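Just below is one structure, and these are the notes that go with it.
The values are calculated or read from the model by the stated rules, or taken from the named source; none is laboratory data. Being a predicted model, the structure only gives us computed values, none of them experimental. Glycine also receives a Cβ, built like all others from the backbone with ideal geometry; neighbour counts cover every protein chain displayed.
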Amino acid sequence: MELPQRVHVRTTINGQAQEFLVPPYMSLLDTIREIAGLTGTKEGCLDGNCGACTVSIDGRIVDSCLVLGAEVDGKSITTVEGLATAKGLHPLQQAFLEEAALQCGICTPGFLVAAKGLLDNEPDPSEERIRHWLAGNLCRCTGYDKIVRAVQKAATASH
Amino acid sequence: MVQTYEPKSDYKVVGTRPIRHDGLDKVTGRAVYGADVKVPGLIWGEVLRSPHAHARIKSIDTSAAEAAPGVYAVATNADFPDPRAGEIDSGEDVVNFERDTKNLLAKDKVLYKGHAVAAVAAVDRNTAIEATKLIKVEYELLKPVRNVDEAMAKGAPILMEDLVGDDLGEDVRNTNVARHFRHEFGEVEKGFADSDLVVERTFTLQMVHQGYIEPHNATAIWDESGHVTAWSSTQGMFAVRDQTAGMLRIPESQVTVYPVEIGGGFGGKTKVYLAPVAAILSKKSGGRPVKMIMDRNSVFEASGPAPGGKITVKMGVTKDGKIKACASDLRYEAGAFPGSAIGAGAICIYGCYNIPNSRIDGYDVVVNKPKSAAYRAPGSPQAAFAIEQVVDEICDQMNWDKIKFRLDNASREGTRRGDGVMFGKVGLIETLEAARDSDHWKTPLKPSTNGMLRGRGIASGYWMNGGGKSTVDLMLQDDGTVAMNEGSADIGGTRASIAMQVAEVLGLPAEAVHPFIPSTDSIGFTGTTGGSRTTYATGYAGWQAANKLVGEMSKRASVLWGIDPSDVKFAAGKFSSGSDPELSIGFKDLAARIGDTGGPITTTASVNLAAAGAAYGVHICDLEIDPDTGKTDVIRYTAVQDVGKAVHPSYVEGQIQGGVAQGIGWALNEEYFITDSGSMANHTFLDYRMPTSLDMPMIDTILVEVPNPLHPYGVRGVGEVPLAPPLPAVANAVKDATGKRILDLPIKPGRIIEAMGS
Ligand code: FES
Ligand code: FES
């Protein structure tokens, strides 16, 4: 079998410099999951409508299923695995645990990365603002109530 | 004789809100879900699906796909061993493996758009997808049957030529009605004649999807020894084992299923779609592990939605506010193969009412849509949508208080359910009273200040809950903690709710019990996480195993002290002698001595619970409608539910809130929109449009605790009933807001505008 052509990509994932050869058609989601081996970022739809695959690229929230792996050369990516540090959990992670903001947990990585994108820029969002910001992330288990409360709690905790 | 328990009140762990044991893995991305499974040498499987809703397969040519670079194997239905025909009682479930194999890979006919026709295994996912396009299938198109009316019409195209329908016990051939049954008692016609008001309405409903965010997946190896090893996100690893073994015609002991985390199921992950196909591809690829992930379109088009259908309810009442008689006709879409939730729908439709003269007709109807599967209180939300609107209309016409009418006619201990079964101790009255006394119900709805139409609706719902088989193993560690193996898939917090019941018995904090879900070879049979059974039944097994552990430890204390075991008491985390107050040892200190008092302590308990405690919910919904566009926003929502005993109240609230969100979506805009050619037009999340965070208000919950006497801690299942009341609560609120009653789901903007114009 002929090997497909590949694209050379240098990127930073969760603060670590990484280098890959990716097939030109491969999504960033698959690049992160299959090549970088970070399976915390989830697949829900592959068409940009569920947010389970949310990562941040240079501080911007994106659905990684809609970006090609080949597009992130020179960029810096944060996934759910990059939220906790040696000092402990991110306040959002802690708040999600304390507020029972997850049931099955498949949507959780996407919500955490998306919510971090909000709190990094707006430390004190209203409920309406949180609901608006997170509207690109589907959760089918929780009805969003406890997710919104957890984000509110994390916002307060990080002041 | 069924064992019953007195209510208990002095809980230490049950009723608290510890951080769940599996939480850390799930907020850090470490938790391994089905798609995350990595096995050395992994290859990928992909499915070719039918573009037609109803067609005969004339030929399948797989040669080009097989010859394609990177392809290991191609499979079709012919690769299944000859299935056992007919219905088989697998001990858990009535199954029909012949039909199941035809659903996994079509045989002579495709019965819905998206029906799997062939599968390919290749070196990677992309190669597998491309190779499916090389398979040539010749179809002879047939007219699709799109709903129960078309299916039951004279001269309707027949889906399954070999189907023998059961019409009230008579065999029927050449039919799309797999089953028609009736429950009846009292004198229904006389009851209507004696009524002062009789209301009869017919409702239509469309299929809706469970909408779990994680697609179906499976990874399987069928090795040279004939053993199948599988990993799959599922509500029941034993169900995957038994269905895989049944379809591949190998003994269940030849299949090992490793459970992985499951990204939502709501009933939709109780049937397998991929594992047996992955196993066949593995075998044909020389025992390589094959991973398959269903794409989202296929999840919608080919994996179990909840039935749509048609329901007629006729209810008669007397002037004194009593229901005299009720007759209902429920026609549920099974999808492409028989087996809708019609049985449960018929059980649930009168679940909230004491009806002296009662008749229910149920029809299980095949149509050219995906085979339906369980969805949270399967069959009950549809039934609630119908009967709760009829009740609302009767109360409106008679000017009766909607809670008082429900209280006056409420099911209680000794009432006969529509199928004749007698209720045990149920908490509907307490739930209605809590709704009546709630801040929400007592606070009148303020009119809108910006021209919106506002309305309030109330509705109740019933689910019987399940018991069944469960196993829990406990191992005492010498540091005084306990390792717990249990067989139930944890779909949203049951590791915690089971471990907490064990901790309660042992006088330990929840964190000192470490839950683990091992493979099917490593724990006794445990039924699927479904029927709201897990915290009840597996928790019950945990309670028993913990009591056995206390018994074993008491023996060790007696060895230590040289006294009779019967003299050892256990209370508040301490073992002590009943006769000698000097003799006392804490749980942890005794755990450290197990080595020198007889060695390791493990206990196990398996239960098979015939009965469960039923659950009731009463929901209040306030909404606001834009009269120009028909767009509806829910602005306040309160869900009141009898939960028996909330083991972990946060997750009980979460179950209720999640069910409400699904119910609001079902009520207002979710549906399988079926085109003339019989295909689903809206098979993406974008077009199917489930509620987002922006569509939902906060959802208030009121947990009513009427202990279930069948469980030592009074636990009732809580997960399913919250999906039943939202559909009618929303519909009744729309009626209140607009003055128009909408009998067809979903109550979408166009329908509201149309109703308001009429
Ligand atoms: S997988 Fe990317 S948005 Fe759903
Ligand atoms: S917790 Fe299951 S989808 Fe959000």
_The listed residue being of a type in the set (Asp, Glu) and closer than 27 Å to B:Leu745 by Cβ, out of B:Asp419, B:Asp408, B:Asp439_ = B:Asp419
_I need every pair where a residue in segment B:199-228 that is within 14 Å of another protein chain (Cβ to nearest Cβ) and over 16 Å from B:Tyr273 (Cα atoms) has its Cβ under 9 Å from the Cβ of a residue that is among the basic types (Lys, Arg) and outside any loop (DSSP other than H, G, I, E, B), sequence separation at least 6 or different chains._
none
_Given the criteria at pLDDT 95 or above and away from chain B (no Cβ under 13 Å), does A:Ile57 qualify?_
yes
*Which one of the conditions (1) buried (at least 18 other Cβ atoms within 10 Å of the Cβ); (2) more than 12 Å from the chain's Cα centre (by Cα); (3) within 10 Å of ligand 1 (Cβ to nearest atom); (4) more than 11 Å from chain B (Cβ to nearest Cβ) does A:Leu66 fail to meet, given that it meets all the rest?*
(1)
*How many residues are crowded, with 21+ Cβ neighbours inside 10 Å and either in contact (Cβ under 8 Å) with a residue 60 or more places away in the chain or charged (D, E, K, R) (or both) if we restrict to segment A:43-60?*
7
*Is it the case that segment B:540-555 has a residue that's farther than 24 Å from B:Gly599 by Cα, within 21 Å of the chain's Cα centre (by Cα) and crowded, with 24+ Cβ neighbours inside 10 Å?*
yes
_Filter pass, A:Thr39 being more than 16 Å from ligand 2 (Cβ to nearest atom), part of a loop (DSSP other than H, G, I, E, B) and not assigned by TED's automatic domain parsing to the domain that holds A:Pro123_ = yes
*What are the residues in segment A:51-88 that are in contact with an Asp or Glu (Cβ under 8 Å, 6 or more places away or on another chain) and within 16 Å of ligand 2 (Cβ to nearest atom), if any?*
A:Gly51, A:Ala52, A:Cys53, A:Thr54
*Only residues in segment A:21-42 that are under 22 Å from B:Val260 (Cβ atoms) count as the first member; pair them with residues that are within 16 Å of ligand 2 (Cβ to nearest atom) and hydroxyl-bearing (Ser, Thr, Tyr), Cβ under 6 angstrom, at least 6 apart or cross-chain, and list the lot.*
A:Ile32/A:Thr41
*Any idea which of (1) within 15 Å of ligand 1 (Cβ to nearest atom); (2) within 20 Å of A:Asn14 (Cβ to Cβ); (3) not assigned by TED's automatic domain parsing to the domain that holds A:Glu34 is the one A:Phe96 doesn't satisfy?*
(1)
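Here is a yes/no grid of residues against (1) touching a strand residue (DSSP E or B) at 6+ places or on another chain (Cβ under 8 Å); (2) closer than 30 Å to B:Gly345 by Cα:
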residue	(1), (2)
B:Thr471	yes, yes
B:Thr481	yes, no
B:Ile491	no, yes
B:Glu511	no, no
B:Ser519	yes, no
*Filtered residue count, segment B:22-34, keeping only those that are within 19 Å of B:Glu653 (Cβ to Cβ) and part of a loop (DSSP other than H, G, I, E, B)*: 1
*asked:* Take B:His683 and tell me if it is touching a residue at least 24 places away in the same chain (Cβ under 8 Å) and closer than 15 Å to B:Pro305 by Cα.
replied: yes
_Cβ-Cβ under 7 Å pairs, at least 6 apart or on other chains, segment B:157-175 side under 18 Å from B:Lys109 (Cα atoms), far side part of a strand (DSSP E or B) and acidic (Asp, Glu)_ = B:Val164/B:Asp171
